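Student: Before I ask anything, let me first share the structure, which is written out below as structure tokens.
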Amino acid sequence: MDVFDAIRGRRTHKSFDPEPVPREMLEELFDLARFAPNHHLTQPWRFRVLGPKALVRLKEEAGPAEAPKLDRAPTLVVASARLSGAQQQDEEDLCATAAAVYAVLLGAHARGLASYWRTPAVLRTREGREAVGVPDGERVLGLIHLGRPLTQPPPKDREPVGSFLVFLD
């Protein structure tokens, strides 16, 4: 798949086939993260694929109103960045981790998978972080939902490039 087509064709999905993504494919996708730009090659990203017990713990912490949203996709992955405590490095590492997540999303799209990157409130709580093994010193960037798509969402309107691009002299 051409990179331009991958970027323009990737969509956020909220409806997935129940079959989990095979481990081998997950390893292939997360191998792409290694190639995300990261200053000083810190490779700060951390990914945790949730198994059944971890998902139960997270759902318990999420509560009855939010737990059903964790059942949308058959494969859930917590994405976090390891932080150093140095402000500039941490800012760069957060951006690098976001780039790594996007590499995974594009790779998933190229392999025919659907994805949804969201930031549930439970992962910003101490209890939610503990439920999925995120230690102090890491910042959660979100939860990646992965699986085969049941539907194909239509493209949404985007701002024209002129609304955010300026050429300076």
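Only the coordinates and a few stated rules stand behind these numbers; no lab work does. This is a predicted model, so every value here is computed, not measured. Methodologically, a virtual Cβ is constructed for each residue, glycine included, from the backbone with ideal geometry; neighbour enumeration extends over all protein chains shown.
Student: Kirkwood hydrodynamic radius (Cα pairs, Å) of region 29-121?
Tutor: Result for region 29-121 stands at 14.4 Å.
Student: Further question: Would you work out if region 85-136 is rounded, prolate or oblate? Take a ≥ b ≥ c from the square roots of the eigenvalues of the alpha-carbon gyration tensor; rounded if a/c is under 1.5, else prolate when a/b is larger than b/c, oblate otherwise.
Tutor: Since a/c reaches 1.5 but b/c is at least a/b, the shape of region 85-136 is classed as oblate.
Student: Let me make sure I get this right: for region 117-169, a, b and c are the square roots of the gyration tensor eigenvalues over alpha carbons, sorted descending. Under 1.5 in a/c it's rounded, otherwise prolate if a/b > b/c, else oblate. Which is it?
Tutor: oblate
Student: What share of all Cα pairs of the chain, in percent, falls into each consecutive 5 Å distance bin?
Tutor: In whole percents, the pair-distance histogram is 1, 8, 16, 19, 19, 17, 11, 6, 2, 1, 0, 0.
Student: Exposed loop chymotrypsin sites (Phe, Trp or Tyr not before Pro) only (DSSP loop, at most 14 other Cβ atoms within 10 Å): please give the longest stretch of the chain free of them, not including the sites.
Tutor: It runs 36-163.
Student: About its Cα centre, what dipole magnitude does the chain give when the only charges are +1 on Lys and Arg Cβ and -1 on Asp and Glu Cβ, stated in debye to the nearest 20?
Tutor: Roughly 500 debye for the chain.
Student: Which length gain, in nm to one decimal place, applies between ALA121 and THR151 when the Cα-Cα distance is subtracted from 0.36 nm times their residue separation?
Tutor: 8.2 nm
Student: Note down the Stokes-Einstein diffusion coefficient of region 80-169 in µm²/s, whole number, using a Kirkwood radius over alpha carbon pairs, 4 °C, and 1.567 mPa s.
Tutor: Diffusion coefficient, whole number: 82 µm²/s.
Student: For a test of understanding, tell me how many lysine pairs in the chain have Cα atoms under 18 Å apart, given they are 8 or more places apart or on different chains.
Tutor: 5
Student: Ok, one more. In a Gaussian network model over the chain where Cα atoms closer than 10 Å are linked, find which of GLN43, GLN87, GLN152 has the largest mean-square fluctuation.
Tutor: Of GLN43, GLN87, GLN152, the most mobile in the Gaussian network model is GLN87.
Student: Could you tell me which of ALA6, PRO64, PRO37 has its Cα farthest along the dipole of region 2-93 towards the positive end, charges placed at Cβ (Lys, Arg +1; Asp, Glu -1), taken about the Cα centre?
Tutor: The residue sitting farthest along the positive end of the dipole is PRO64.
Student: How much length is gained if the chain between GLN43 and GLU60 is pulled fully straight, taking 0.36 nm per residue apart and subtracting their Cα-Cα distance, in nm to one decimal?
Tutor: So the extension gain works out to 3.0 nm.
Student: Turning to a different aspect of this structure: Report the extension gain between MET1 and GLU28 in nm, rounded to one decimal, defined as 0.36 nm multiplied by the number of residues separating them, less their alpha carbon distance.
Tutor: That works out to 8.1 nm of additional length.
Student: What's the exposure ranking of GLU60, GLU92, going from fewest to most Cβ atoms within 10 Å?
Tutor: GLU60, GLU92
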